Amino acid sequence: MTGETKPKSGTPTVSPEEAVDIIKRMPTEEILTEQTLRGYLEEGVPLTHYIGYEVSGFVHLGTGLLCMQKVTDFQQAGVNTQIFLADYHSWINKKLGGDLSVIRRVAGGYFKEALKWSLKSVGGDPKKSKFIMGSTLYEKLGLDYLESLIKVAMKMTLGRAKRSITVLGRREGEQITFAQLLYVPMQVADIYGLKVNLAHGGMDQRKAHVIAIEVAKNFDYKPVTVHHHLLLGMHVSENQRQQILQAKTAGDRALFEDSIVEVKMSKSRPDSAIFVHDTPEEIKRKLRKSYCPPKETQLNPILDLARFIVWPYLRRVGEELVVENAKTGEVRQFEDWTTFEADYAQGGIHPLDLKNAVGEYLIRMLEPARKYFIDGKGKKHLEEMQSLKTTR
C-alpha cells in the first residue's frame, strides 16, 4: 500500500472501525476487499472515491437517491467523494443520439443538478463532492491517460472485453462497435487517472472493477471497490422473478448478475422508474400499476423501494414506518425493518397499502428536487431534456 499518490484530504472525524461500519451499511452488497479497506484506514491513507455515470436520460431513484445515499455514507466516513460524468463513455454507447456536444451540455445541466438534488434528498452535501467531466480529465492527463489505457488493454483478452460489456446491459452476441470494446479499459484507466483508491458502483459494475484490481500491479496501488444494491424496476414479472431466484439457488453467479441487470430500474422503461422530478400524480400512477406480489419479500419491487429508499430516510429523520389500511383505516407503525418485513410476509400488510405508504414517503422525499425542476431554476434543464426526448 506504499507508494500511493495521496490526494489532499481533511482529517477524518471517525475511527477506522466506524468508517468500515458506515461503508458496509446498506445499500452496500460487496466490498473487494474489506481487508484492503481496513489496511488503508488503519495506515491513515486518505480515501479518494469515485462513481462514474453515463450521461443519458432522466435521473431515477436508483441512479439518484440510492447511489447518492452511498455517497453520503462515504462523506460521513471521511472519504473524498467524486462524481464522474463520463461524456466520452456516453458517446461510445450513443447516448442522447450520439451527439457529444449535447451529452456535455446535459452533463453540466440537468444531469449534474439532478444528482446534486438527489444527494441533498438523502442528507448528503453536494459541496463535499467534486463533479468531474471525463473530457476535462483526459485533457489534463494527456499521454499519461493513454499510457494507462494501453496498460489496462494489454492485460485484457478480446473475450474478456466482450464479456465485460454484457454486464452494462448488452446481450451476448449483439453486434458491437470497436469503440465499445474500449469502454471497460477506459473505465479502469479512469480509476487510476483520478488516483481513486475506492471505486464505487452498482453490482453491474463488478466485472470492470475486478479488472481494475487485477491490473493494480501495473500501477502503484490497489483500489478497493464497493458495490451497492441495484434497485428493482417496477416492471418485474413473475417469470423473471422465478428465473432469478432459480439462478441464485443454483449458485450461477454469472446468470444471476445478468438477470438482475435486466430487472433493475431503468430510464429506458419510464413507467418502471420513478424520476427525481416526478409529480405526486406520476408517482402514484406508476406505483398503482407496478408489480408487488403479496407475501413475497424477495425480488418485490415495492418492498425494494421501501427497504432501500424509504427506510434509510426514516432512520435519518427519526421516524417510524407508518402504513394505513385503506379499507379499515387502521394505522400501524413499525420501528424496525425485520418486524415490518415479517408482517408483510405473513399477509398482515396488503400490497396496495404498501404502495400507498411508499408513494407518500417518496413524494415527501422528492419535493425539493421536484420544486427545483418544475418551478425553480432547474426548469430550463428539465424542459431541455423533455425536448431531447421528443426529438430523438
Contact order relative to length for the range 316-387, counting C-alpha pairs under 8 Å separated by 6 or more residues, stands in percent at 20 percent
Filtering trypsin sites (Lys or Arg not before Pro) in the range 184-258 by DSSP loop and by at most 16 other Cβ atoms within 10 Å leaves none
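Rounded, prolate or oblate: which fits the range 81-144 when a ≥ b ≥ c are the square roots of the eigenvalues of the alpha-carbon gyration tensor, with rounded for a/c under 1.5 and prolate only if a/b beats b/c?
Numbers: a/c = 2.89, a/b = 1.39, b/c = 2.07.
Oblate.
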With +1 on the Cβ of every Lys and Arg and -1 on the Cβ of every Asp and Glu, the dipole magnitude of the range 264-369 about its Cα centre, in debye rounded to the nearest 20, is 500 debye
Once normalised by the length of the chain, the mean sequence separation of its alpha carbon contacts under 8 Å that are 6 or more apart gives a contact order in percent of 19 percent
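Taking the Cα centre of the range 16-228 as origin, work out the dipole magnitude from +1 charges on Lys and Arg Cβ and -1 charges on Asp and Glu Cβ, in debye rounded to 20.
Values: 27 positive and 23 negative charges, 106 e Å.
Around 500 debye, computed over the range 16-228.
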Non-local residues with an amide H under 5 Å from the amide H of LEU232, with H modelled 1.01 Å from N and Pro and chain starts lacking one, are MET265
Extension length gain for VAL210 and THR279 (0.36 nm per residue less Cα distance), in nm, is 20.9 nm
Cross-link reach from LYS284 to lysines, straight Cα distance under 17 Å and at least 8 residues apart if same chain, gives LYS355
As straight-line cross-link partners of LYS248, the qualifying lysines (C-alpha separation under 24 Å, not fewer than 8 residues apart within one chain) are LYS24, LYS162, LYS207, LYS264, LYS295
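Check each of the GluC sites (Glu not before Pro) in the range 262-301 and keep only those in coil by DSSP with at most 16 other C-beta atoms within 10 angstrom; list them in order.
Details: sites: GLU262, GLU281, GLU282, GLU296; in loops: GLU296.
Hits after loop and neighbour filter: GLU296.
Is the range 16-228 rounded, prolate or oblate when judged by the Cα gyration tensor, a ≥ b ≥ c being the square roots of its eigenvalues, rounded requiring a/c under 1.5 and prolate requiring a/b larger than b/c? Don't jump to the answer; show the numbers that get you there.
Values: a/c = 1.57, a/b = 1.15, b/c = 1.36.
Judged from the Cα gyration tensor, the range 16-228 comes out oblate (a/c at least 1.5, b/c at or above a/b).
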Reduced to Cα centres, the span from the range 114-158 to the range 271-319 in Å works out to 30 Å
With the 8 Å Cα cutoff and a minimum separation of six or more residues, the range 271-391 has a relative contact order in percent of 30 percent
Classified through the alpha carbon gyration tensor (a ≥ b ≥ c as square roots of its eigenvalues; rounded if a/c is under 1.5, else prolate when a/b is larger than b/c, else oblate), the range 271-391 comes out prolate
Asserting the computed 222 nm helical MRE of the chain (DSSP H runs at least 4 long, -39500 (n - 2.57) per run, divided by residue count, to nearest 500) equals -14500 deg cm²/dmol
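Throughout, read-outs are computed from the coordinates displayed, never taken from laboratory work. Quantities reported herein were computed from a predicted structural model and do not represent experimental measurements. Cβ sites come from the backbone with ideal geometry, for glycine too, and all protein chains shown count toward neighbours.
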